[in-house]
Amino acid sequence: MAKSPSVIIVGAGMSGISAAKTLSDAGITDLTILEATGRIGGRMYKVPFAGLQVEKGANWVEGVGGKELNPMWKMAQELHLRNFESNYDNISANCYKENGGLYEEKVVNDALEIVAKVDKSGEKLSSSLPSSGFEDISLLTMQRLMKHVPTDPVSMVTDYYTYDYEFAEPPRVTSMQNTVPLSTFTNFGDKLHFVADQRGYESLVHHLAHQFLKSDKHGNFVDPRLILNQVVRRISYSASEVTVTTEDGKVYKADYVMVSVSIGVLQTNLIKFAPPLPDKKIIAMYQFDMSVYTKIFLKFNSTFWPTGDGTEFFLYASERRGYYPIWQHLETEFPGSHVLLVTVTDEESRRIEQQSDNDTKKEAMEVLRKMFGENIPNATDILVPKWWSDRFYKGSFSNWPIGVNRYEFDHMRAPIGRVYFTGEHTSEHYNGYVHGAYLAGIDSANIMIRCIKNGFCKFSIKAKNA
Ligand code: FAD
């Protein structure tokens, strides 16, 4: 019998583990998984904060209750992952003015309705454009066409809530055709479930890994095929093999390699490819966007914000778009925890990553004092994740920018000889999401399996104007 082919998988996040499991299920078991950090899970990452386990990366199962079953929702149910449906219905009653006081509910509702109406018209426009994407426009252009350009604090914060809170980049940057409508919500449903489980959202990755990697009786992985703390720095490839070199000088050889690192990492020189990847691929990779989404957690000794039904999410409408705009209290998920979560994105995220956590705490406290008065207590602790500066991520998730068409997207995910690519950014319909990472892992592994088992190794890229 012919020797079983060997495969190196770079990265043990959702997509790398999903690809490895798919290969293993197909009988390709000579695997080596090289992960840069000391853990598996990647951007699904629980961390201790204020006596809780909070998610500094992915938090929601997005896309629940629709015509198709989101595979992450299925898995979360199987694992009885503790979760809460996020109800945003009341945000119009919880929108604070820049200098304090709530906006009238009707004012915010009207603003939200305009954004929704413009978005709905965008759906029609989207479907009328050629599928090649050559006539795609940005969300901002779409808004301009419908004579709606948010400029005051309420219309800016509702616009931010609709787009930036989802894509972590402003409408000026985001592609209309690839986000309106969004496949995640169209196919899987529009509900969002917030994971608040001490095992973490990352337990989904562990669950998959346990199905093909050996572990001890405590559940720790002891499979020699999973090698942690291995930073891949070089991938050389030829017609007959691949050679992967790590930062500590170790050399691994195999028949194929599957690269699952983020598009943000691929845009840096952390991993050198030899020979260099083709120009078309490099340009496509550099054109896609790695956005930055920062979840700042604040701990207090007492709760001074409204609690109870319809209070979980609240908005701060500043004249400065995206300045500490979306707040969530965690009293529903963790009663008595006195923890707030505020989300910032893009330029604010980058700015905040470069200042001290103490400065960030001061800024957040100023905003809270505007909303809740001068006498509120100071935060006793703060957690500011730094996804953008982390060389193993370089951001939070991919966002489809204006200017990238299907042809370039296919180049971005296409294998080059024995080098295959996966990761959420390669997901055909769900880039940016956990389910995108999971499904991309399966898809990329199947492309490799077809090549190994059936000799069908050509990855077809649609013609430029198709
Ligand atoms: P990763 O998880 O990045 O896995 C790649 C792995 O490669 C990592 O473990 C990394 O350490 C490793 N690696 C990097 N460089 C090297 C190297 N040189 N050598 C070896 N290993 C390397 N999605 C949702 O569905 N819902 C959400 O609510 C949500 N919120 C998010 C919030 C934040 C703040 C972030 C950061 C992400 C969020 N996402 C969300 C997106 C989701 O987390 C990702 O799409 C998904 O986890 C990506 O999985 P991946 O396997 O493609 O990449």
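The values are calculated or read from the model by the stated rules, or taken from the named source; none is laboratory data. Quick caveat: nothing in here was measured; it's all calculated off a predicted structure. Note: ideal-geometry Cβ built from the backbone for every residue, glycine included; neighbour counts use all protein chains shown.
If you go through segment 383-392 one residue at a time, do you hit one that is touching a helix residue (DSSP H, G or I) at 6+ places or on another chain (Cβ under 7 Å), among the aliphatic types (A, V, I, L, M) and away from the ligand (no atom under 14 Å from the Cβ)?
Among the residues of segment 383-392, not one is touching a helix residue (DSSP H, G or I) at 6+ places or on another chain (Cβ under 7 Å), among the aliphatic types (A, V, I, L, M) and away from the ligand (no atom under 14 Å from the Cβ), which makes the answer no.
Which condition number in (1) assigned to a loop (DSSP other than H, G, I, E, B); (2) within 16 Å of the ligand (Cβ to nearest atom); (3) not polar (S, T, N, Q) is the one that residue 209 fails?
Looking at each condition in turn, residue 209 falls short on (1).
Would you confirm, using the coordinates I've provided, whether residue 265 is under 16 Å from residue 393 (Cβ atoms), in a loop (DSSP other than H, G, I, E, B) and either touching a residue at least 24 places away in the same chain (Cβ under 8 Å) or not hydroxyl-bearing (Ser, Thr, Tyr) (or both)?
The answer is no for residue 265.
If I go through segment 173-203 residue by residue, how many of them are farther than 18 Å from residue 77 by Cα and touching a residue at least 24 places away in the same chain (Cβ under 8 Å)?
Going through segment 173-203 one residue at a time, the tally reaches 14.
Here are the criteria: (1) buried (at least 17 other Cβ atoms within 10 Å of the Cβ); (2) away from the ligand (no atom under 11 Å from the Cβ). Tell me which single one residue 283 does not satisfy.
Only one criterion in (1) buried (at least 17 other Cβ atoms within 10 Å of the Cβ); (2) away from the ligand (no atom under 11 Å from the Cβ) is unmet by residue 283, namely (1).
What residue, among those in segment 16-33 that are in a helix (DSSP H, G or I) and among the hydrophobic types (A, V, I, L, M, F, W, C), is farthest from the ligand (Cβ to nearest atom)? Give the derivation first.
Let us first name the residues in segment 16-33 that are in a helix (DSSP H, G or I), namely 16-25.
Keeping just the survivors that are among the hydrophobic types (A, V, I, L, M, F, W, C) gives 17, 19-20, 23.
Values: 17: 8, 19: 9, 20: 11, 23: 15 Å.
Restricting to residues being in a helix (DSSP H, G or I) and among the hydrophobic types (A, V, I, L, M, F, W, C), the top hit is 23.
Name every residue in segment 72-88 that is surrounded by fewer than 21 Cβ atoms within 10 Å (Cβ to Cβ) and farther than 22 Å from residue 328 by Cα, in order of residue number.
74, 75, 77, 78, 79, 80
Of all residues in segment 217-244, which are within 21 Å of residue 278 (Cβ to Cβ) and either within 9 Å of the ligand (Cβ to nearest atom) or in a strand (DSSP E or B) (or both)?
232, 233, 234, 235, 236, 237, 242, 243, 244 - these are the residues of segment 217-244 that are within 21 Å of residue 278 (Cβ to Cβ) and either within 9 Å of the ligand (Cβ to nearest atom) or in a strand (DSSP E or B) (or both).
Can you give me the number of residues within segment 426-439 that are near the ligand (Cβ under 7 Å from one of its atoms) and assigned to a helix (DSSP H, G or I)?
4
Give segment 410-424 a look and list any residue that's at negative phi and touching a Gly at 6+ places or on another chain (Cβ under 8 Å), or say none. Explain how you work it out, then say what you get.
Initially, segment 410-424 is screened for residues at negative phi, giving 410-416, 418-422, 424.
422, 424 - these are the residues of segment 410-424 that are at negative phi and touching a Gly at 6+ places or on another chain (Cβ under 8 Å).
Could you list, in sequence order, all residues of segment 392-430 that are β-branched (Val, Ile, Thr) and within 18 Å of residue 19 (Cα to Cα)?
416, 419, 422, 426
Scan segment 209-262 residue by residue and report those that are buried (at least 16 other Cβ atoms within 10 Å of the Cβ), among the polar types (S, T, N, Q) and touching a residue at least 60 places away in the same chain (Cβ under 8 Å).
230, 246, 260, 262
Within segment 304-423, considering only helices (runs of 4 or more DSSP H) that don't extend past its boundaries, which have at least 2 residues that are closer than 30 Å to residue 463 by Cα and at pLDDT 95 or above?
Details: elements: 346-353, 357-372, 406-413.
So the answer is 406-413.
Taking residue 287 as the residue in question, decide whether it is out of contact with any His (no Cβ under 6 Å at 6 or more places or on another chain), within 30 Å of residue 407 (Cβ to Cβ) and not hydroxyl-bearing (Ser, Thr, Tyr).
yes
Which residues, counting only those in segment 194-225, are among the aromatic types (Phe, Trp, Tyr) and in contact with an Asp or Glu (Cβ under 6 Å, 6 or more places away or on another chain)?
Here is the first cut: in segment 194-225, the residues among the aromatic types (Phe, Trp, Tyr) are 194, 201, 212, 221.
Answer for segment 194-225, where residues must be among the aromatic types (Phe, Trp, Tyr) and in contact with an Asp or Glu (Cβ under 6 Å, 6 or more places away or on another chain): just 201.
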